[in-house]
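The values are calculated or read from the model by the stated rules, or taken from the named source; none is laboratory data. It should be emphasised that the depicted structure is a prediction, and the values quoted were computed from it without experimental measurement. Using ideal geometry, Cβ is built from the backbone for each residue, glycine included, and neighbour counts are taken over all protein chains shown.
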Amino acid sequence: MRKKAQSATEYLMTYGWAILAIAVVGGLLYSQVFSAKKCAEGATGFAISGTISPDGNEYSIDTTGQLQILLKNMVGKDVTITSVDCPTGNVDIGDIPIPDSSSAITTVASCTTGGTPATCYSTPVVFHYETSTSIDVKSAGILNGKY
């Protein structure tokens, strides 16, 4: 009788460890521990209305650090983009007019130091613009994506 009990206990322990191992591996796969890191993509921190912001998250930063972005004017009057604060410093981009409720493509030649292809970036930017009253107004946010 004792041999049968020991045999049954060993049988249950073997299958118990196997089921535990399968559960741990399944849990890791479910929580995506083994998957590649995904980059957060999109513009965050920009005001929704009453300012300028990326139009439909249409922007890109290439590996040389050049930022190209489509900015939408939601101020309610014509504005002129004067400069951009980037991680590399304040970049004067000349005067780029954007009429009310319109969009314009803005290119900033050296907004970041760049990176290697397929790596993630998170770049804070501040767009300086003026209205007809010549008051310097700022629109700030963070651009997230992949080079």
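Of note:
- Wholly enclosed strands (runs of 3 or more DSSP E) of region 1-91 bearing at least 3 residues surrounded by 15 or more Cβ atoms within 10 Å (Cβ to Cβ) and assigned by TED's automatic domain parsing to the domain that holds Ala140: 52-61, 67-73, 79-86
- Test result for Ala118, at pLDDT 80 or above and out of contact with any helix residue (DSSP H, G or I) (no Cβ under 9 Å at 6 or more places or on another chain): no
- In region 125-147, residue surrounded by the fewest Cβ atoms within 10 Å (Cβ to Cβ) [restricted to those that are among the β-branched types (Val, Ile, Thr) and at pLDDT 90 or above]: Val126
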